[in-house]
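What follows is one structure encoded as structure tokens, with my remarks underneath.
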Amino acid sequence: LKFAVHLADHCGGCKVASPARAAYFNSAMAPGQYSVDVKQHTLQPIVTGATVIGLKYNGGVIVAADTLASYGSQAKFKDVCRMKKVGEYSLLGASGELSDFQYLGDQLDELADEDWLNEDGCSMGPKEYSSYIGRIMYNRRSKMNPLFNQFVVVGKKKDEPAHLMYVDHQGTAFEENYVATGFGAHLAMPIIRNEWRPDIGLDEAKALITKCLQVCFYRDCNAYFKIRMGICDGTSVSISEPIAMSHFWGHTAWTEKRLEDTGVVADTW
């Protein structure tokens with residue numbers, strides 16, 4: 001191919017945009033460089049997850065998300081874990097594009113392996129991982145090829161204070177005592193602001209998160225009634241099996257047949 005470009009230069013000069021020249025320069029992009037054609041980038045998320053909620057409790061930090069991954073508006077994948085253990089002390093919860101979450105998870109696994117191979121007696125904690133994730137998100141945003149996610153990065157390293165950070169697709173990152181992504185930022189945050197306190201216990205934190213995700217399930221068409229909870233307490237990181245939340249749809253206003261005596265065959269809707 002290089003010979004063809006050299007030959008084209010001698011035959012037609014640099015002013016001629018030969019097919020060989022175009023093919024060479026299109027294939028000679030630097031490693032890691034993204035396509036210059038924006039249509040080759042991810043323009044919108046396809047398979048997505050909804051709300052993730054994280055909050056600190058007295059002794060650690062907890063994060064929870066439902067198990068649904070929606071294909072557009074279709075509730076397609078109903079047993080998806082949208083949380084990932086990172087290193088020894090950290091946990092990542094993701095809403096947004098599932099494939100971007102998987103890509104970032106692979107990057108974090110490589111980082112954790114490299115950290116382990118150093119064998120220096122030190123291991124990264126949630127502060128280091130959340131900073132790394134924030135830099136990745138801002139880097140991809142700056143290349144106009146963002147990862148379409150909102151992340152909740154939580155953890156507790158030994159006796160250090162619990163850590164909770166929000167990171168979005170633009171690289172915006174901040175620490176908080178509690179945070180929610182997606183529709184939960186509108187539906188769950190008011191509830192948490194009213195009921196959370198610094199000395200809240202683990203059982204109370206679980207009940208509060210369940211209450212918030214129940215509201216999201218009722219109000220968000222991309223939410224689901226099965227959830228997982230992840231807990232970081234300084235010594236271990238655990239992700240629960242799916243938990244089915246209770247829900248009720250038998251309200252009279254939804255079930256009464258208002259058109260029954262009108263001759264129209266239809267339900268309330």
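The values are calculated or read from the model by the stated rules, or taken from the named source; none is laboratory data. These figures come from a predicted structure and were not determined experimentally. As a convention, Cβ positions derive from the backbone with ideal geometry for all residues, glycine included, and neighbour counts pool all protein chains shown. Just the protein is used for accessible areas: all its heavy atoms, side chains included, with ligands, DNA and RNA removed. Shrake-Rupley method; radii C 1.70, N 1.55, O 1.52, S 1.80 Å.
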TODO: For residues that are surrounded by fewer than 10 Cβ atoms within 10 Å (Cβ to Cβ) and at pLDDT 70 or above, tally how many sit in region 25-42.
DONE: 0
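So that you can scan it fast, the table gives a plain yes or no per residue for (1) surrounded by fewer than 22 Cβ atoms within 10 Å (Cβ to Cβ); (2) over 19 Å from HIS169 (Cβ atoms):
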residue	(1), (2)
VAL52	no, no
SER90	no, yes
GLN102	yes, no
GLU114	yes, yes
GLY121	yes, yes
- [ ] Check off (1) of a type in the set (A, V, I, L, M, F, W, C); (2) at pLDDT 95 or above; (3) surrounded by fewer than 20 Cβ atoms within 10 Å (Cβ to Cβ) for ALA75 and give me the number that stays unchecked.
- [x] (2)
Open item on the list: Need the failing condition index for HIS251 against (1) open to solvent by less than 50 Å² (accessible area, probe 1.4 Å); (2) at negative phi, just the number.
Closed with: (1)
Task: Criterion violated by GLY134 - all others in (1) open to solvent by less than 70 Å² (accessible area, probe 1.4 Å); (2) over 21 Å from HIS41 (Cα atoms); (3) small (Gly, Ala, Ser) satisfied - done: (2)
Task: Among (1) in a loop (DSSP other than H, G, I, E, B); (2) in contact (Cβ under 8 Å) with a residue 40 or more places away in the chain; (3) under 23 Å from ILE243 (Cα atoms) - the single one VAL80 does not satisfy - done: (2)
TODO: Hey, can you tell me all the residues within region 165-184 that are buried (at least 24 other Cβ atoms within 10 Å of the Cβ) and of a type in the set (A, V, I, L, M, F, W, C)?
DONE: VAL167, VAL179, ALA180
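Select from region 141-154 the residues that are surrounded by fewer than 22 Cβ atoms within 10 Å (Cβ to Cβ) and either closer than 19 Å to VAL47 by Cα or in contact with a strand residue (DSSP E or B) (Cβ under 9 Å, 6 or more places away or on another chain) (or both) and write down the one among them that is modelled with the highest pLDDT.
Going through region 141-154, the residues surrounded by fewer than 22 Cβ atoms within 10 Å (Cβ to Cβ) turn out to be 141-146, 148.
Filter once more, so that each one left must be either closer than 19 Å to VAL47 by Cα or in contact with a strand residue (DSSP E or B) (Cβ under 9 Å, 6 or more places away or on another chain) (or both): 145-146, 148.
Details: ASN145: 89, PRO146: 92, PHE148: 95.
Filtering first and then ranking leaves PHE148.
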Open item on the list: Could you list, ordered by first residue, the pairs with Cβ atoms under 9 Å in which the first is in region 256-269 and modelled with pLDDT of 70 or more and the second is among the β-branched types (Val, Ile, Thr) and surrounded by 11 or more Cβ atoms within 10 Å (Cβ to Cβ), at least 6 apart or interchain?
Closed with: GLU256/THR268; LYS257/THR268; ARG258/THR268; LEU259/THR268
